[in-house]
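A.B. asks: Dumping the structure here so I can ask a few things about it.
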Amino acid sequence: MKKIWFALVGMVLAFSASAAQFTDGQQYVTMDKPVTGEPQVLEFFSFFCPHCYEFEHVWHVSDAVKKVLPANAKVTKYHVEFLGGEMGKTVTQAWTVAMALGVEDKVTAPIFDGIQKSQTITDPTSLKDVFVKAAGITPEAYDAAWNSFVVKSLVAQQEKVAADVNLRGVPAMFVNGKYMVNNGGLDTSSMDNFVQQYANVVKFLITQK
């Protein structure tokens, strides 16, 4: 019984020590105007953003965050359209199609690679081909989702939330509609330290109301 008690005390002390390292204005920022009714953990990104590619494919920040979230929480990703020119809007709608069809995990890597590495995604047709080849979505199903009210509404929702949080750049992660992780205030002495601290900051902010 004593061993269990000491173990519990150790866990509490460890969390308290970790939480004490996080300061508003340094590792995270409290928003002036909280946004209500949005996903608990919300990440903005762009397939045209080199840093977003690194976050996803090199550093695996989202995966690290997912591992520390409570069972009832998840990371929701919104794509921004202010990068990529006219294709930025097209890719935003395609990403919304992926959300509606539940194939985000299947198309994320090939879209990133097709835009930033092989440069094989250059127009709406080549973008649609990714859904067909990587996710097994028929062209008819893709077009139906593309033209659906659900997708158009979610595109508008992404744009609205980006404006509501006064989004200035990507990648960016918001928690409880009130806090933003401050990428520039985290430990950059190593990739592992940065990723671990990023995940721990999100874990801490989840508990803040």
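A.B. asks: State which entries of K67/K152; K128/K152; K133/K160; K74/K178; K67/K128 exceed 27 angstrom in Cα-Cα distance in the structure shown. Intermediate values should be presented prior to the final figure.
C.D. replies: On the way: K67/K152 31 Å; K128/K152 17 Å; K133/K160 32 Å; K74/K178 16 Å; K67/K128 31 Å.
Over 27 Å Cα-Cα: K67/K152; K133/K160; K67/K128.
A.B. asks: Turning to a different aspect of this structure: Whenever you get a sec, compute what percent of the accessible area on the chain sits on carbon and sulfur atoms (1.4 Å probe). All intermediate terms of the calculation are to be shown ahead of the outcome.
C.D. replies: On the way: 6320 of 11210 Å².
On the chain, the fraction of accessible area on carbon and sulfur atoms equals 56 percent.
A.B. asks: May I pose another question? For segment 40-73 and segment 162-182, write down the distance between their C-alpha centroids in whole Å.
C.D. replies: 13 Å
A.B. asks: Starting from the Cα-Cα distance between S148 and E54, subtract it from 0.36 nm times their residue separation and give me the gain in nm to one decimal. All intermediate terms of the calculation are to be shown ahead of the outcome.
C.D. replies: Working: separation 94, 0.36 × 94 = 33.84 nm, distance 3.20 nm.
Roughly 30.6 nm would be gained on extension.
A.B. asks: K74 accessible area, nearest 10 Å², 1.4 Å probe?
C.D. replies: 140 Å²
A.B. asks: Follow-up. For the chain, just run the numbers: alpha carbon Rg, then divide by 2.2 N^0.38 Å, N being how many residues it has.
C.D. replies: On the way: Rg = 18.8 Å, N = 209, 2.2 N^0.38 = 16.8 Å.
Scaled against compact globular proteins, the figure is 1.12.
A.B. asks: So, one more: Per residue and in Å³, how big is the convex hull formed by the alpha-carbon atoms of segment 88-209? Don't skip to the answer; put the middle values down first.
C.D. replies: Details: hull volume 16.6 nm³, N = 122.
In segment 88-209, the Cα convex hull volume per residue is 136 Å³.
A.B. asks: By how many degrees, 0 to 90 and rounded to 10, does the Cα axis of helix 86-101 deviate from the longest principal axis of the chain?
C.D. replies: 70 degrees
A.B. asks: Need one word for segment 28-82: rounded, prolate or oblate. Basis is the Cα gyration tensor (sqrt eigenvalues a ≥ b ≥ c); a/c below 1.5 gives rounded, then a/b vs b/c decides.
C.D. replies: On the way: a/c = 1.92, a/b = 1.18, b/c = 1.63.
Here segment 28-82 falls in the oblate category.
A.B. asks: Can you work out the accessible area per residue across segment 41-92, with the rest of the protein chains kept in place, probe 1.4 Å, in square angstrom? Could the numbers behind the result be given before it?
C.D. replies: Values: 2350 Å² over 52 residues.
Result: 45 Å² of accessible area for each residue.
A.B. asks: Quote the FRET efficiency, to the nearest 0.05, computed for T138 versus K74 with a Förster distance R0 of 30 Å and r equal to the Cβ-Cβ distance.
C.D. replies: Numbers: r = 27 Å, r/R0 = 0.91.
Given R0 = 30 Å and the Cβ-Cβ separation, E is 0.65.
A.B. asks: For n ≥ 4 DSSP H runs only, could you compute -39500 (n - 2.57) per run for the chain, divide by its residues and tell me the 222 nm figure to the nearest 500?
C.D. replies: Details: 9 runs with 112 residues, N = 209.
Calculated at 222 nm, the ellipticity per residue is -17000 deg cm²/dmol.
A.B. asks: Place a +1 charge on the Cβ of each Lys and Arg in the chain and a -1 charge on the Cβ of each Asp and Glu, then give the dipole magnitude about the Cα centre in debye, rounded to the nearest 20. Provide the component values of the computation, followed by the final result.
C.D. replies: Values: 18 positive and 20 negative charges, 164 e Å.
Value, rounded to 20: 780 debye.
A.B. asks: Enter the angle in degrees (range 0 to 90, nearest 10) between the Cα long axis of helix 191-206 and the first principal axis of the Cα atoms of the chain, meaning the one along which they spread out most.
C.D. replies: Approximately 80 degrees, to the nearest 10.
A.B. asks: Given the options Q119, T96, Q26, identify the residue whose Cα lies farthest towards the positive end of the charge dipole of the chain (+1 on Cβ of Lys, Arg; -1 on Cβ of Asp, Glu).
C.D. replies: Farthest towards the positive pole: Q26.
A.B. asks: So, by mean Cβ neighbours within 10 angstrom, what's the order for 34-41, 54-61 with the highest one leading? List each step's numbers first, then the result.
C.D. replies: Details: 34-41: 15.1, 54-61: 17.2.
For the peptides 34-41, 54-61, the packing ranking is 54-61, 34-41.
A.B. asks: How tilted is helix 2-20 with respect to the longest principal axis of the chain? Cα atoms for both, answer in degrees (0 to 90, nearest 10).
C.D. replies: Compared with the principal axis, the helix lies near 60 degrees.
The values are calculated or read from the model by the stated rules, or taken from the named source; none is laboratory data. Not measured: the values here are computed from a predicted model. Glycine also receives a Cβ, built like all others from the backbone with ideal geometry; neighbour counts cover every protein chain displayed. Accessible surface is based on the protein model in full, side chains and every heavy atom, while ligands, DNA and RNA are left aside. Shrake-Rupley method; radii C 1.70, N 1.55, O 1.52, S 1.80 Å.
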